[in-house]
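The values are calculated or read from the model by the stated rules, or taken from the named source; none is laboratory data. Since the model is a prediction, treat every value here as computed from it, not as a measurement. Please note: Cβ atoms are built from the backbone with ideal geometry, for glycine as well, and neighbour counts cover all protein chains shown. Side chains are part of the model used for accessible areas, which takes the heavy atoms of the whole protein and leaves out ligands, DNA and RNA. Shrake-Rupley method; radii C 1.70, N 1.55, O 1.52, S 1.80 Å.
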Amino acid sequence: MKKILITGACGQLGTELISEMSERYGSEKIIATDVREAPKALADVHFEQLDVLDEDALRSIITRHEIGQIYHLAALLSATAEKNISLARKLNIGSLHHVLNAARDLELERVFWPSSIAVFGPDAPSKNTPQNTALNPTTVYGITKLTGEQWCNYYYNQFGVDVRSLRYPGLIGYKSLPGGGTTDYAVDIFHKALKDESYESFLAENCSLPMMYMHDAVKATLDLMEAPAESLNIRTSYNVAAVSFTPAEIAASIQYHLPDFEITYNPDYRQKIADSWPDSIDDSVARRDWKWRHIFSLDEMVIDIIRNLPDHFDGLKKHSF
Ligand code: AKB
């Protein structure tokens with residue numbers, strides 16, 4: 001098996017994906033890169049700093065390490081992108097072109113690129129949003145993800161680049177801090193609850209959003225990448241779903257274990273982003289094509305995070321169940 005290049009490796013998804021990939025494929029197969037310096041969590045894999053906007057540097061790493069696959073995770077998320085339009089366009093779309101052109105020219109085996117529920121806009125059905133429906137995003141991030149999906153589909157059909165993609169919901173994990181996502185309240189809340197502090201939610205209490213525990217997101221990613229090419233019928237990006245919940249519902253699940261935890265609500269500019277996204281997603285096409293199945297419910301995710309988060313960040317109280 002040729003080596004695998006991960007860009008944006010220091011991010012929330014990259015950290016957890018690399019941990020699972022090291023177990024499955026061997027840490028010697030992983031080349032982790034990020035524009036930032038390596039965190040402790042990536043100590044077991046080869047790490048190089050890489051600005052994915054530097055096309056020559058990207059191609060140099062690919063040829064030096066004889067890379068076979070790229071997981072291109074580097075991007076600005078929704079809340080940050082809304083405040084940095086030109087960087088979001090450059091990073092989220094410009095770097096994807098560097099990766100797709102390298103995959104075509106250097107004949108890479110496979111590419112993964114993350115899309116998002118952000119491709120849906122207010123005119124898409126809000127409940128059980130189907131794979132194929134109106135795609136009119138109203139956010140900078142959503143526009144970059146919709147554009148990226150179309151370029152992935154083009155490079156597959158025009159040049160045979162085997163690029164695969166998932167429309168991730170909000171991802172929740174405990175191994176790294178979130179970075180600029182509208183759904184990141186669902187990670188921040190645990191850091192407060194385990195410090196015996198109350199949490200002020202930047203989304204309204206009844207704001208339902210599609211979410212997924214990181215364990216399931218990593219499983220979905222590797223299940224898709226390991227699926228036989230002939231089983232895949234979607235080359236823009238697959239809808240995937242797990243659970244949908246509101247800030248009030250995740251708070252109630254936390255309070256079952258930490259009864260003194262309190263939440264208040266003070267919606268900010270991120271509420272407008274969340275309001276444009278679906279409440280829930282229909283992922284029946286992924287379940288048909290490559291047998292996608294999620295594992296964690298909301299309550300099971302809450303227990304797993306309360307149990308494990310204090311081992312990864314200082315100052316959080318261990319909880320015995
Ligand atoms: C975000 O909130 O920006 C991301 C996403 C839903 O794609 N987590």
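Condition check: surrounded by fewer than 17 Cβ atoms within 10 Å (Cβ to Cβ) and either farther than 21 Å from residue 110 by Cβ or within 13 Å of the ligand (Cβ to nearest atom) (or both). Does residue 192 satisfy that? Here the answer is no, as residue 192 does not meet what is asked.
Condition check for residue 262 on (1) farther than 26 Å from residue 19 by Cα; (2) open to solvent by less than 60 Å² (accessible area, probe 1.4 Å); (3) outside the structural domain of residue 12 (by TED's automatic domain parsing): one failure, at (2). Residue check: is residue 118 away from the ligand (no atom under 16 Å from the Cβ) and surrounded by 24 or more Cβ atoms within 10 Å (Cβ to Cβ)? Against the criterion (away from the ligand (no atom under 16 Å from the Cβ) and surrounded by 24 or more Cβ atoms within 10 Å (Cβ to Cβ)), residue 118 does not qualify. Can residue 304 be described as at pLDDT 95 or above and either aliphatic (A, V, I, L, M) or open to solvent by 20 Å² or more (accessible area, probe 1.4 Å) (or both)? Yes, satisfied.
Exactly one residue out of 226, 205 is away from the ligand (no atom under 14 Å from the Cβ), assigned by TED's automatic domain parsing to the domain that holds residue 12 and among the charged types (D, E, K, R), and it is 226.
Where strands (runs of 3 or more DSSP E) sit wholly within segment 1-114, none has at least 3 residues that are over 22 Å from residue 221 (Cα atoms). Of the helices (runs of 4 or more DSSP H) that lie entirely inside segment 258-321, those containing 3 or more residues that are more than 16 Å from the ligand (Cβ to nearest atom) span 284-289, 298-308. The number of residues in segment 195-220 being open to solvent by less than 40 Å² (accessible area, probe 1.4 Å) and in contact with a Pro (Cβ under 8 Å, 6 or more places away or on another chain) comes to 9. Is it the case, given these coordinates, that residue 95 is open to solvent by less than 10 Å² (accessible area, probe 1.4 Å), closer than 20 Å to residue 166 by Cα, within 13 Å of the ligand (Cβ to nearest atom) and hydroxyl-bearing (Ser, Thr, Tyr)? Here the answer is no, as residue 95 does not meet what is asked. Mind checking which residues of segment 266-288 are within 21 Å of the chain's Cα centre (by Cα) and farther than 21 Å from residue 248 by Cα? Listed by number, the residues that qualify are 282, 283, 284, 285, 286, 287. Picking from residues in segment 125-151 that are of a type in the set (A, V, I, L, M, F, W, C) and within 14 Å of the ligand (Cβ to nearest atom), the one that is most open to solvent (accessible area, probe 1.4 Å) is 143.
Per the listing 295, 250, 254, 281, the residue uniquely open to solvent by 30 Å² or more (accessible area, probe 1.4 Å) and hydrophobic (A, V, I, L, M, F, W, C) is 295.
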